[in-house]
Amino acid sequence: MELTFGMLSFSLYQAMGQGRKAGILFSRGVSLGLARQTPRLKIELYALMDFYVEIFYDRFTEDPVFLQAFQNMDGLDPYLQQVNIEDSIGL
C-alpha cells in the first residue's frame, strides 16, 4: 500500500521499520537545522507532520545508527539553547 502524506500518523510511523522511517523522513521531513552531540553520536532534529524525529549518527563513521520519534515537547529541551529568538523577530 502506498502511503500518502495525509495518512501518516505518529503511531503508524512508529510501527514501521527503520528503513521505511528513514525514507519517509528524508522525503517528507523538514530539517530544523538543530543538532546536538554526545561523545559518540551526532543527533539531528527533524519535523515530520505533527511530531519530531531525531536521527542519531555515529560521529566517527557518520553512518546513521537509529531514528527516534517523539511528540512530547519535552524532547525539544536539549535544542532550546540553540534557538536565538532575537534572530526570528529581527532584533
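Read-outs: derived from the displayed coordinates by stated rules, not from any lab. Since the structure is predicted, the reported quantities are computational estimates derived from the model, not experimental observations. Glycine gets a Cβ as well: all are built from the backbone with ideal geometry, and neighbour counts include every protein chain shown.
Return the residues of region 38-91 that are loosely packed, with under 12 Cβ neighbours inside 10 Å, closer than 19 Å to Gln18 by Cα and of a type in the set (A, V, I, L, M); say none if nothing qualifies.
Within region 38-91, no residue meets the criteria.
Looking only at region 24-37, filter to residues that are in a helix (DSSP H, G or I) and surrounded by 13 or more Cβ atoms within 10 Å (Cβ to Cβ); which one of those is nearest to the chain's Cα centre (by Cα)?
So in region 24-37, the residues in a helix (DSSP H, G or I) come out as 24-28.
The next check asks that each one be surrounded by 13 or more Cβ atoms within 10 Å (Cβ to Cβ); those that pass are 24-25, 28.
Values: Ile24: 11, Leu25: 8, Arg28: 11 Å.
Only one residue tops the list, namely Leu25.
Report the residue count in region 11-23 for those that are part of a helix (DSSP H, G or I) and closer than 18 Å to Asp50 by Cβ.
We begin by selecting, within region 11-23, every residue part of a helix (DSSP H, G or I); these are 11-15, 18-23.
Narrowing the set further to residues that are closer than 18 Å to Asp50 by Cβ leaves 11-15, 21.
Matching residues across region 11-23 total 6.
Listed here are the residues, each with its yes/no results for (1) outside any strand (DSSP E or B); (2) over 16 Å from Gln14 (Cα atoms); (3) under 9 Å from the mean Cα position of the chain (by Cα).
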| position | (1), (2), (3) |
| --- | --- |
| Pro39 | yes, yes, no |
| Lys42 | no, yes, no |
| Ala47 | no, no, yes |
| Tyr52 | no, no, yes |
| Ile55 | no, no, yes |
| Thr61 | yes, yes, no |
| Gln68 | no, no, yes |
| Asp77 | yes, yes, no |
| Gln82 | yes, yes, no |
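Regarding region 4-18, can at least one residue be identified that is out of contact with any strand residue (DSSP E or B) (no Cβ under 7 Å at 6 or more places or on another chain), surrounded by fewer than 16 Cβ atoms within 10 Å (Cβ to Cβ) and within 17 Å of Tyr79 (Cα to Cα)?
Going through region 4-18, the residues out of contact with any strand residue (DSSP E or B) (no Cβ under 7 Å at 6 or more places or on another chain) turn out to be 4-9, 11-12, 15-17.
Remaining after also requiring surrounded by fewer than 16 Cβ atoms within 10 Å (Cβ to Cβ): 4-7, 9, 11-12, 15, 17.
Then drop every residue that is not within 17 Å of Tyr79 (Cα to Cα), which leaves none.
Within region 4-18 (the criterion being out of contact with any strand residue (DSSP E or B) (no Cβ under 7 Å at 6 or more places or on another chain), surrounded by fewer than 16 Cβ atoms within 10 Å (Cβ to Cβ) and within 17 Å of Tyr79 (Cα to Cα)), the answer is no, since none of the residues qualifies.
Restricting attention to region 41-86, which residues are of a type in the set (Phe, Trp, Tyr) and free of Cβ contacts under 8 Å to residues at least 40 places away in the same chain?
Of all residues in region 41-86, those of a type in the set (Phe, Trp, Tyr) come to 46, 51-52, 56-57, 60, 66, 70, 79.
If the condition is that a residue be of a type in the set (Phe, Trp, Tyr) and free of Cβ contacts under 8 Å to residues at least 40 places away in the same chain, then Tyr46, Tyr52, Phe56, Tyr57, Phe60, Phe70 are the ones that fit.
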